[in-house]
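The values are calculated or read from the model by the stated rules, or taken from the named source; none is laboratory data. Worth saying up front: this structure is predicted, and the values here are computed from it rather than measured. Note that each Cβ is placed from the backbone with ideal geometry, even for glycine, and that neighbours are counted across all protein chains shown. Note: accessible area is taken over every heavy atom of the protein model, side chains too, but ligands, DNA and RNA are not part of it. Shrake-Rupley method; radii C 1.70, N 1.55, O 1.52, S 1.80 Å.
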Amino acid sequence: MFSDNLLNSKRILITGGGTGLGKAMANRFLQLGATVYICGRREEVLQKTTAELSATTQGPIHALPCDVRNLEAVETMIDAIWKSGPLDVLVNNAAGNFIARTEELSPRAFESVIGIVLLGTLHATMACGRRWLKANHPGTVLSISATYAPVGSAYVVPSAVSKAGVEALTRSLAVEWGNRGIRMNAIAPGPIPTQGAFSRVLPRPELEVLALDRNPMHRFGTKEELANLAAFLISDGSSYINGEVIRMDGGEFLQGAGEFSNLGRALTDKDWESLKPRKKS
Ligand code: HXC
Ligand code: NAP
């Protein structure tokens, strides 16, 4: 899909890059010539991913344990990266989420998810953005949102308010920093099977069936599809795309919005035939 040197000489940090979609993006970016840094809280997970991806791609990949909720830890990580040169791309991918009835959530449950998703994204974006602006160095921020960010969603309220904030940050800074060489975009994926997400938001087989039923394509997205879209959005080939949230969900969001979109399930071929105008004799 891309030439092998698409991301040559790009230095990229992926938060939460040790697992799931973050790991898939790391893999793809390495294949396309980038130098990749991944961070997360669990050092052993990062080391395992680094070893695996170094063996299967040309690398280089570096692991940095960091809790993005902690501003000081983020600044220390970014300083450590900048010692060998500035980053060109930040991918805000780290997240926390689970389904729950909102009235049953404790204050810590809200703080935990908002801390990772909204504050973590702010911490990393500001740490990179300030350095880029100071040095007049171009930069690109890509954040991984969710399709429910603009409309909200029951049962994932801490995530919904956080992702909405991430999208507001994306659009706001796209304008504020756009004249100084910094691009801000986001991807809003529909369900893509990862252990981290599905164990927490679709933890039962019947919930997966429900999710598939909502989708016009009747399938989930793949990590490769997400990684390819991300590679395009951080590449110089997309340099006029700024402030956009690209939905990648097989049309699921639109199916939910259209007044008559579920008629396909309610009406049979025979029903449609019977609804055609009768020929005048
Ligand atoms: C209610 C819960 C809960 C649950 C945790 N809590 N899980 N409350 N229902 N299922 C509460 C805890 O009781 C605690 O509150 C508080 O949240 C913090 O929990 P901890 O386990 O102490 O926090 P921590 O170890 O920091 O873990 C954070 C986490 C965890 C978010 C809770 O799930 C995590 O580490 N997630 C990271 C990976 C992840 O979530 N990936 C999925 C991304 S999918 P109290 O008051 O008891 O102390 C996604 C989009 C999916 O974002 C969209 C699909 C279409
Ligand atoms: P995942 O595998 O659980 O990824 C989340 C990553 O974030 C993990 O590597 C985790 O590592 C890291 N992380 C969590 N808290 C952190 C913290 N405080 N500091 C640093 N890193 C932290 O889930 P995923 O499915 O790949 O999700 C990736 C992104 O896609 C998320 O932004 C999610 O909201 C978004 N998304 C996913 C789907 C989907 O269906 N998969 C759909 C829509 C949006 P540690 O636990 O080691 O810290």
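What is the Cα centroid distance between the range 215-236 and the range 239-280, reported in whole angstrom?
Measuring centre to centre over Cα atoms gives 21 Å.
Provide the gained length on full extension for the span L212 to A55, in nm with one decimal, where the gain is 0.36 nm per separating residue minus the Cα-Cα distance.
Answer, rounded to one decimal: 53.0 nm.
Identify which of G243, G18, G152 has the largest mean-square fluctuation in a Gaussian network model of the chain, with springs joining Cα atoms closer than 10 Å.
Taking springs between Cα atoms under 10 Å, the residue moving most is G152.
Anything over 26 Å Cα to Cα? Flag those among K83/K134; K134/K223; K83/K223, in the order listed.
In this structure, K134/K223; K83/K223 lie more than 26 Å apart at Cα.
In whole Hz, with x marking every Gly and Pro, tabulate ³J(HN,Hα) for the range 157-174 from phi via Karplus 6.51 cos²θ - 1.76 cosθ + 1.60, θ = phi - 60°.
So the J values, rounded to whole Hz, are 4, x, 5, 4, 5, 6, 5, 4, x, 4, 5, 5, 4, 4, 6, 5, 6, 4.
Please express the shape of the range 105-228 as an equivalent ellipsoid: the semi-axes are the square roots of 5 times the eigenvalues of the C-alpha gyration tensor, given largest first in whole angstrom.
30, 18, 12
To the nearest 0.05, what FRET efficiency results for R219 and E111 with a Förster distance of 25 Å applied to their C-beta separation?
0.10
For the chain, what is the mean residue ellipticity at 222 nm derived from helices alone (per DSSP H run of n ≥ 4: -39500 (n - 2.57); sum divided by total residues; nearest 500 deg cm²/dmol)?
-14000 deg cm²/dmol
Just name one of A188, F220, L207: the one whose Cα is farthest towards the positive end of the charge dipole of the range 177-220 (beta-carbon charges, Lys/Arg +1, Asp/Glu -1).
So the residue we want is A188.
What Cys residues in the chain have no fellow cysteine's beta-carbon under 4.7 angstrom?
If one checks each Cβ against the other cysteines of the chain, C128 turn up with nothing under 4.7 Å.
With springs only between Cα atoms under 10 Å apart, run a GNM on the chain and tell me which of L64, L267, L207 wobbles the most.
Answer for the Gaussian network model of the chain: L267.
Between the range 64-115 and the range 163-207, how far is it from one alpha carbon centroid to the other, in angstrom?
After rounding, the separation between the Cα centres reads 13 Å.
Using DSSP to define loop residues, name the chymotrypsin sites (Phe, Trp or Tyr not before Pro) in the range 164-271 whose beta-carbon has at most 10 other beta-carbon atoms within 10 Å.
Y240, F260
Picking from A109, A266, A211, which is most flexible by a Gaussian network model of the chain using Cα springs under 10 Å?
A266
If you take every residue apart from D79 with its C-beta less than 15 Å away from the C-beta of D79, what net charge results, scoring Lys and Arg +1 and Asp and Glu -1?
Charge balance in the 15 Å sphere: +3.
Carbon and sulfur: what percent of the range 160-281's accessible surface (1.4 Å probe)? Could the numbers behind the result be given before it?
Numbers: 4250 of 7630 Å².
C and S fraction of accessible area: 56 percent.
Largest first, please: the extent of the C-alpha atoms of the chain along each principal axis, to the nearest Å.
Sorted from largest, the Cα extents of the chain read 82, 46, 40 Å.
What percentage of the solvent-accessible surface of the range 14-130, computed with a 1.4 Å probe over protein heavy atoms, is contributed by carbon and sulfur atoms?
Within the range 14-130, the accessible surface is 53 percent carbon and sulfur.
Quick one: net charge of N136's neighbours, Cβ under 13 Å, K/R +1, D/E -1?
Details: positive: R130, R131, K134, R180; negative: none.
The answer is +4.
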